[in-house]
Amino acid sequence: MSPGNTCLIAVHAGAGYHAVEKSKQYRSTCAEACTKAMACLKSGGSALDAITIAVKYLEDSPILNAGTGSSLNLEGMVECDASLMDGQTLKFGAVGAISEVQNPVLVARKLIDEQKTGYMSLGRIPPCTMVGKGATNWAVEHGIPRYDHENLITGSSEKTYKNHKRRLEKVEYRRNKKRLKYRNKNIHNGNKVRDEDDDNIDDDDDNLKSSDINAEVDGVNNVDDQLLDPDMQDTGVDDRLLDPDTPSKVVDDDDKLLETDIQDTVGAVCIDINGNVAAGVSSGGISLKQTGRLGPAALYGAGCWATNWQSGDKPGIAVATSGTGEYIMKTLLARQCAESMRNDKMAEEGFRSVFVDKFLGSEFLQDIPEKYGGILALKLDIDGNSKICDLLWGHTTNSMCIGYMTDQSKPKTIISRLDEDKFAGQTLVMEGTSFIL
């Protein structure tokens, strides 16, 4: 434990796969996010202020899947989710599938601020969650400028989109071809063909794995032009290139090494000098997602959670999640984690049990063989004049990048990685540290 501190900020750059070659970039991004948030805390800013600053910085980084550089949806557009929760007031603000906004977290923050002003005219309750075009219009009406969506697209995210779109079109072409062949064969043989018979066609070789469309191709300047052209019939690229569960290095025609890069929702947790806690998350969602798809970063209880310390048996908790969105939403992972850590005297045991029992062992995910998730969480206990903080992070993905900092220390960054002999989606990696504030 480290004595003499008064506040803490911790961030994560997503749970997924982080290329070893880009480790320095990920870690420096997390370090700078912590530094900017800590400057706010030292000047008397609240936990919510610091979280907003940290997440905004992560959104502005083109190497992360939030804000600028986000994964593109099926139509090649950026649609983001983000949310904040203030442990002091228990106010929650979120936006989902929002476009044409540079920093979705600022809209989430504005929603919280508006809630604090009380009822609207005619006694209407102010919204805590806004989605789609309505969210964009609301943001503009409340002083957040509209932002050209093309400025949110990076060269890397655009090339990744083209690659994934080409693969999707190729899969659908093969599937339709098989269906036509199946129907013609049965009609020729005098058999009655029903639409539901199409479900019996074997498409296993053509299906994209769920992990495939979360991949971001690094080293794109070395990729053959065919890889980026959806009109080409084949590229000869090994399927492992877009699969994080297999070795990521593949040799192309020029003997260049390509790297798979996958990140998901970014987030942060914080304690300010007054002992208030807050949490926030932001995400660009999965590649080729359906337009209008809502992710966990916009859902109450799934993406983030924060509650202040109340008494000895009600510690302060702040949680930020990451991973496969639908799995996190089905398990309401952030709130489940908070409740588990609050109810267990040992923070580590509460944290571990939520992964083992409520995620990997969840009844709602019993038909899912590989469950990808990550959590950054803190637990605050107050004993007299001492504030004891446990900071924990864990993931079932290949890696997770973490950064944290107190007012008495420099930022420390870690990329936690799954052992090579372990299986992503089935194995929990858990680490942490403690502080006296």
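Some values worked out for this structure:
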quantity	calculated
Value of Rg/Rh across the range 79-191 [Cα atoms, Kirkwood radius]	1.30
Cut-off under 5 Å, modelled amide H: who pairs with residue 324 long-range	372, 373
Qualifying trypsin sites (Lys or Arg not before Pro) for the range 136-188 [loop in DSSP, other Cβ within 10 Å: at most 15]	146
Accessible surface of residue 395 - all protein chains present, 1.4 Å probe, nearest 10 Å²	0
Derived scalar couplings ³J(HN,Hα) [the range 131-136; Karplus, 6.51 cos²θ - 1.76 cosθ + 1.60; whole Hz; x for Gly, Pro]	9, x, 4, x, 5, 4
Packing rank of 319-328, 118-127, where each peptide gets the mean count of other beta carbons within 10 Å, highest leading	319-328, 118-127
Whole-number Å³ per residue for the convex hull built on Cα positions in the range 110-162	105
Spatially proximal lysines relative to residue 177 (Cα-Cα < 26 Å; intrachain offsets below 8 disregarded)	162, 165, 185, 192, 209, 289
Loop sites in the range 328-437: chymotrypsin sites (Phe, Trp or Tyr not before Pro), DSSP, at most 13 other Cβ within 10 Å	423
Kirkwood-type radius of the range 88-132, with distances r between different C-alpha atoms, in Å	11.1
Residue-normalised accessible area of the range 301-375, expressed per residue, 1.4 Å probe, Å²	42
Which of 105, 89, 45, positive extreme of dipole for the range 34-115 (C-beta unit charges)	45
Rg/Rg_globular for the range 6-123, with Rg_globular taken as 2.2 N^0.38 Å and Rg from C-alpha atoms	1.17
Cleavage-rule hits, GluC sites (Glu not before Pro), the range 365-437, DSSP coil, Cβ neighbours within 10 Å at most 13	420
Extension gain (nm, one decimal) between residue 36 and residue 23, 0.36 nm per residue minus Cα-Cα	2.7 nm
Karplus-derived HN-Hα couplings along the range 163-169 (A = 6.51, B = -1.76, C = 1.60, θ = phi - 60°), whole Hz, x at Gly and Pro	5, 5, 5, 4, 5, 5, 5
Relative contact order of the range 1-149, defined on C-alpha pairs under 8 angstrom at six or more residues apart (%)	16
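The values are calculated or read from the model by the stated rules, or taken from the named source; none is laboratory data. Model, not experiment: these values are computed from the prediction. Every residue, glycine as well, gets a Cβ built from its backbone with ideal geometry; the counts of neighbours run over all protein chains shown. We work out accessible area using only protein heavy atoms, side chains counted, and drop any ligands, DNA or RNA first. Shrake-Rupley method; radii C 1.70, N 1.55, O 1.52, S 1.80 Å.
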